[in-house]
Amino acid sequence: MEDRVIPSGQVKIEVIKANGQKFLELEGPNAIHLDVKHQMASACVLATGAFGVLVSAFDNDTFTTPTNGESGIIIRDNASPVNLYEMQTSLIDDNTTDFTVKGVARASQNYTIVSAILGHGWSTGVTDFDTRFSDHDFASNISLVDGDQLNVTWKITIANS
Amino acid sequence: MIYTYTRTTPIEVFGEVDIKVFDKEDLVQMEPKVSILTENDTAPYLLEELNKLMFGNTSSQSSIQLTTDTGWFTDRYAGTSGETYTTQDGKNGIVAHVNRTTGYVTGDLGGGVETEAIGHFYLFQGLSTPNPGSTDKHVTWTAQSEWDKELTATVNGLDIGKDYNAGLIQPATTFDQEEFASVENLSPFDIEEDDILKVTWTMTIG
C-alpha cells in the first residue's frame, strides 16, 4: 500500500507582548502520528472507544504535571530529566473538515520550553498518550519568565486525497 | 508577555478500489476477465465524521462502523417489493451502478401509482472485513456478487456506504446521507451472465 502522507503542515509561531504587539513569527514542518491514523481506520469497522483530544481535556494552566487519563496539549522543557506540563486545552473552532484546539499555560517562574505534544489519554505510567496525534519541536526554545503566557494553537485538517 | 504558537496539520484519506470480474467457472479466481485498480473520492460525510472523532469529547462512538458482518446487503438485485423503497433499504455495503434494471419500486405520491426502475447491483457474497492490525492505518472491505441475468450489463460506477435508500423519489440514489466513498470516473466495463463482480475497497488514513 502506497503511503499517502502529504507534505506536512506548518507551524506558525507568534510572540505577542503584553500590549498585543506581535514581534516574532516562525514556521516549520510537522507530522501526524500513526496512533491516530490507526484509531481512525479502526473506527471505520470497529466499535472503538473515543480518542478525541478533548476527552477529559487538561484544565490546568499553571505548569502542572499532566493529569493521568486526560487529553490535550502537553509541553516539555529543556531540563534533564525533562519536565512535562499540561496546558489548559479547549476547542476554539470546528468545521466539517478541520478543528482547532488551544492550549494555555501561565508561568510563575522561569521555564525554557522546547516542544509540544497533542494527544488523547495521558498515561502517567508509560509517560505517553494512548493515542498520540502529533508532536513538534519548536524551531527555537521558548523562554518564559514570571507573568508570561504561552498559547499553543493546533489546527488539524482532514481532506480527500 | 504572551507567546502564541499555531500549528496546521493536514491528514489525507485515500481510497483504492480493486475491481475484478471472473467467470464463475474460475473457482479459484485466478484469471480475471476484467481487472481495474482505481482511486476513489472520499465522501464529505466520512471526512466530517472522522474529523468529529478527533476532537470529540464523547465517551464512545459507533456512527461510522461499517462491517460486512452487520447490516450488509442481503441480495444482489433490488427486486420488486411493491413498496416505495427496495428490499435493501437501510442496508450497508458496496453497490455497482449498472445499465440494467435490477428491480422496481412502486407507489402513489399523490399523482397516481408510479413505478421506477432501479439500476443497482449489490455485492453481498464473499464478504470480509479484517480488523486493522495494531499498527495498520487502513481498512479493507471485500464483497462480490454473481450476475445471473441473461442480458449483459455495463458497470459505470461504484459506491460504498451505509443506509442505502434508493426509492421512488430518488431511484438513482445510493447512500445520500452516509456515503463513505465512490468511484465516479470509472471506465465502464461489461459483466455477462454468470460473471462474478468482485470489489476490494481499501481506505487509508494518510
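All of the numbers you see were taken from the coordinates with simple rules; none came from a lab. All figures in this text were calculated on a predicted structure; none of them were measured in a lab. Positions of Cβ are backbone-derived with ideal geometry, glycine not excepted, and every protein chain shown enters the neighbour counts.
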Task: Taking the C-alpha atoms of the protein assembly as shown, convex hull volume expressed per residue in Å³ - done: 159
Open item on the list: Using a 10 Å cut-off around each Cβ of peptide B:127-137, what is the average number of partner chain Cβ atoms that fall inside?
Closed with: 4
Task: DSSP beta bridge pairing in chain B, given as percent antiparallel to the nearest 5 - done: 95
- [ ] Could you tell me which of the pairs B:Lys52/B:Lys198; A:Lys102/B:Lys162; B:Lys137/B:Lys162; A:Lys155/B:Lys52 are separated by over 23 angstrom between their Cα atoms in the structure shown?
- [x] B:Lys52/B:Lys198; A:Lys102/B:Lys162
Task: Theoretical FRET efficiency, 1/(1+(r/R0)^6), r = Cβ-Cβ of B:Gln125 and A:Asn95, R0 45 Å, to 0.05 - done: 0.70
- [ ] Give the order of B:Leu186, B:Leu27 when sorted by the count of other beta carbons within 10 angstrom, beginning with the fewest.
- [x] B:Leu27, B:Leu186
Task: Estimated FRET transfer efficiency when R0 is 51 angstrom, pair B:Glu25-A:Thr127 (beta carbons, to 0.05) - done: 0.30
Task: Amide H partners (placed H, <5 Å) of A:Ala159, local residues excluded - done: B:Ile11, B:Glu12, B:Val13
TODO: Report the paramagnetic label zone for A:Asp135: residues of region A:45-77 whose backbone N is under 12 Å from a point 7 Å from Cα along the Cα-to-Cβ axis.
DONE: A:74-77
Task: Over region B:13-205: Kirkwood hydrodynamic radius from C-alpha pairwise inverse distances, Å - done: 17.4
Open item on the list: Based only on other Cβ atoms within 10 Å, what is the fewest-to-most ordering of B:Val183, A:Val101?
Closed with: B:Val183, A:Val101
Open item on the list: Can you give me the distance in nm between label points at B:Glu184 and B:Ala172, each placed 7 Å from the Cα along the Cα-to-Cβ direction?
Closed with: 1.3
- [ ] Within a 10 angstrom radius of each residue's Cβ in A:48-58, how many Cβ atoms of other chains show up on average? Whole number is fine.
- [x] 4
TODO: Mind ranking A:137-147, B:138-148 by how tightly packed they are, going by the mean number of other C-beta atoms within 10 angstrom, highest first?
DONE: B:138-148, A:137-147
- [ ] Taking H placed 1.01 Å from N in the peptide plane, check which residues at least 5 places from B:Asp23 or on another chain put their amide H under 5 Å from its amide H.
- [x] B:Lys33, B:Ile196
Task: Cα-projected label distance for B:Glu39 with A:Leu46, points at 7 Å along beta-carbon direction, nm - done: 2.8
